[in-house]
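First up is the structure itself, then whatever we jot down about it.
Bear in mind these aren't lab numbers, they're just calculated from the coordinates by the rules spelled out. Computed from a prediction, not measured in an experiment: that's the story for all the values here. In this analysis, Cβ positions are derived from the backbone assuming ideal geometry, glycine residues included, and neighbour counts consider all displayed protein chains.
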Amino acid sequence: MSRRCPRCGLTKPDGEFVKSRATKSGYHGHCKLCHLDQTRESIRKHHGTDSQRQRRRRYGVDNSQIAWMVLQQGGCAICGSPKATHVDHDHRTGRVRGVLCFNCNNALGHFDDDPKVLAAAADYLEGNTEI
């Protein structure tokens, strides 16, 4: 059997529709693709973008809090870049430390957030950089 999706207007076989116990026919009114699009739109409308949801779930901060932190920090908490969008947190406690640019956040990750290694890297640069 086939049915017409009211959203895209295409007639498709029943296998192209989401199953539903709530309807007499056993299928949702929209085809699988349209149902997926509709679900994504609803999630964005009610819960924000993927990155916004992840920040709220992982760090407990929303975009307005991040913008406030960047304003207070004057950009990236390390280099001052205005492109600070990455939430930096302590991996042991989960506490948010600040907002960093991509490069500074990436560098901290490569140094495993170890102050001793970062100090050694700074000493190395100071001793081996010609001006």
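Among the residues of this structure, VAL70 does not count as one that is in contact with a Lys or Arg (Cβ under 9 Å, 6 or more places away or on another chain) and of a type in the set (A, V, I, L, M). Out of SER2, SER51, SER20, one residue alone is surrounded by 12 or more Cβ atoms within 10 Å (Cβ to Cβ) and of a type in the set (Gly, Ala, Ser). It is SER20. Of a type outside the set (A, V, I, L, M) and either within 30 Å of ARG4 (Cα to Cα) or in contact with a Leu (Cβ under 9 Å, 6 or more places away or on another chain) (or both): is that true of SER25 in this structure? Answer is yes for this residue. Does GLY60 satisfy being under 15 Å from the mean Cα position of the chain (by Cα) and exposed (fewer than 15 other Cβ atoms within 10 Å of the Cβ)? Spelling it out, GLY60 is indeed under 15 Å from the mean Cα position of the chain (by Cα) and exposed (fewer than 15 other Cβ atoms within 10 Å of the Cβ).
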